[in-house]
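I have placed the structure first, in the form of structure tokens, so that the comments after it can refer back to it.
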């Protein structure tokens, strides 16, 4: 059987509430930012707190490469 993949697969990681108390540890945020830097990884995350970006270091923010969309859910 011929392999249909010619390159690495893309991995999608979805995280609900990236600023949740259980993920606020700086080492956890740095690990997720390093994961987001991988070329074949797509990180899709929600953030609930309006000032959540203050939880991240500059290096982490650069690694996450956030694209922000305001989506009201009420």
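The values are calculated or read from the model by the stated rules, or taken from the named source; none is laboratory data. Keep in mind it's a predicted model, so treat the numbers as computed, not measured. Glycine also receives a Cβ, built like all others from the backbone with ideal geometry; neighbour counts cover every protein chain displayed.
Observations on the structure shown:
- With respect to being within 22 Å of residue 69 (Cα to Cα), surrounded by 10 or more Cβ atoms within 10 Å (Cβ to Cβ) and modelled with pLDDT of 90 or more, residue 36 fits the description.
- Complete set of residues in the range 45-74 that are closer than 10 Å to residue 18 by Cβ and at pLDDT 80 or above: 45, 46, 47, 48, 49, 64, 66
- Residue tally, condition within 11 Å of the chain's Cα centre (by Cα) and part of a helix (DSSP H, G or I), over the range 29-61: 11
- If you go through the range 8-27 and keep only what is under 12 Å from the mean Cα position of the chain (by Cα) and surrounded by 12 or more Cβ atoms within 10 Å (Cβ to Cβ), you end up with 13, 15, 17, 18, 19, 23.
- Considering each residue of the range 51-65 in turn, none proves to be touching a strand residue (DSSP E or B) at 6+ places or on another chain (Cβ under 6 Å) and surrounded by 14 or more Cβ atoms within 10 Å (Cβ to Cβ).
- Only residues that are part of a helix (DSSP H, G or I) and farther than 23 Å from residue 73 by Cα were counted in the range 13-28, giving 3.
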